[in-house]
Amino acid sequence: MNPEWQKIAEDVVKASKILIKRGICEAFGHVSARLPDSDRFLITPSLSLAMIRGPEDLVEMNLKGEKVEGKNRQPYEVWLHTCLYRARPEVGGIARTHSFTTSAFSIAGERVRPVHDFGCALLGDIPVFQDPALIDDEEIGNRLAEFIGKGAGALLRGNGTAIVGKDVPEALLRSIYLEESARLQLMAKLIGPPIYYTTREIQERAIDALKSPHVLRAWQHYCCEAGV
């Protein structure tokens, strides 16, 4: 594996540990990363993210949905990743999470909206994909990709989230900020109507939230917190 691909593989492993540490995934969930200058991506296998020890545990897939390399089995929802990478050439990382508060919003059929600075990294509302089935074939994978469009992701009704980023760190941070946004939105509702960020405010704050130094600082923090 060339050095660039090796670094990407290590980021997938780190993100897996962070999602477990933050309680955003438990026994289920997965992380993937596109491999540059290829039609391939790396993905965590059909195992708990807590059991991922290193890059050797990852599975290499192509955009036809075929396994290329890896000792482990790919996750059942590998089509979620395959179809999103096909539809979004600019996407370099995907986090499939089971964060608790976002799941409550999906069950209520309510989108999560940016209510704090970090939530602006999502670039707008995260809507609910109403089909509760697993994203385990090409047909539903394509429907999800079309539903997300150019957005940062979707809540999957009763079944977690799918969040994209330009790379693994961005996808990871967005998944954390999405859960923060949901928790803050829910807590604010107990006090009164939330004051949501406007489109202009989201665009202005996202510039800072997605700047490399800010992403790097947050990524380094969560890596340190998770001991990776």
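The values are calculated or read from the model by the stated rules, or taken from the named source; none is laboratory data. Just so we're clear, the structure is a prediction, and the values are computed from it rather than from any experiment. Quick reminder, even Gly has a Cβ in these numbers, built from the backbone with ideal geometry, and neighbours come from all protein chains shown.
Answer with yes or no whether residue 70 is out of contact with any Gly (no Cβ under 9 Å at 6 or more places or on another chain), farther than 20 Å from residue 158 by Cβ and buried (at least 24 other Cβ atoms within 10 Å of the Cβ).
Here the answer is no, as residue 70 does not meet what is asked.
Just to verify a result, which residue in region 2-23, among those that are touching a residue at least 40 places away in the same chain (Cβ under 8 Å) and within 14 Å of residue 60 (Cα to Cα), is surrounded by the most Cβ atoms within 10 Å (Cβ to Cβ)?
12
Quick one: is residue 172 out of contact with any Lys or Arg (no Cβ under 9 Å at 6 or more places or on another chain), in contact (Cβ under 8 Å) with a residue 40 or more places away in the chain and surrounded by 13 or more Cβ atoms within 10 Å (Cβ to Cβ)?
no
Can you go through 100, 41 and tell me which one is surrounded by 15 or more Cβ atoms within 10 Å (Cβ to Cβ) and of a type in the set (Phe, Trp, Tyr)?
Exactly one residue qualifies, and that residue is 41.
Within region 76-116, count every residue that is more than 25 Å from residue 14 (Cβ to Cβ) and basic (Lys, Arg).
3
Step by step: first the residues of region 123-141, then only those that are within 17 Å of the chain's Cα centre (by Cα) and not in a loop (DSSP other than H, G, I, E, B), then the one that is surrounded by the fewest Cβ atoms within 10 Å (Cβ to Cβ). Which residue is that?
For region 123-141, the residue satisfying everything is 128.
Test residue 95 against the criterion of being buried (at least 23 other Cβ atoms within 10 Å of the Cβ) and at pLDDT 95 or above, and give yes or no.
Against the criterion (buried (at least 23 other Cβ atoms within 10 Å of the Cβ) and at pLDDT 95 or above), residue 95 qualifies.
State which residue is surrounded by the most Cβ atoms within 10 Å (Cβ to Cβ) when the search covers only region 178-228 and only residues that are over 20 Å from the mean Cα position of the chain (by Cα) and of a type in the set (A, V, I, L, M, F, W, C).
Checked region 178-228; the qualifying residue surrounded by the most Cβ atoms within 10 Å (Cβ to Cβ) is 186.
Can you pull out the residues in region 151-169 that are free of Cβ contacts under 8 Å to residues at least 40 places away in the same chain and in a loop (DSSP other than H, G, I, E, B)?
Selection gives 151, 152.
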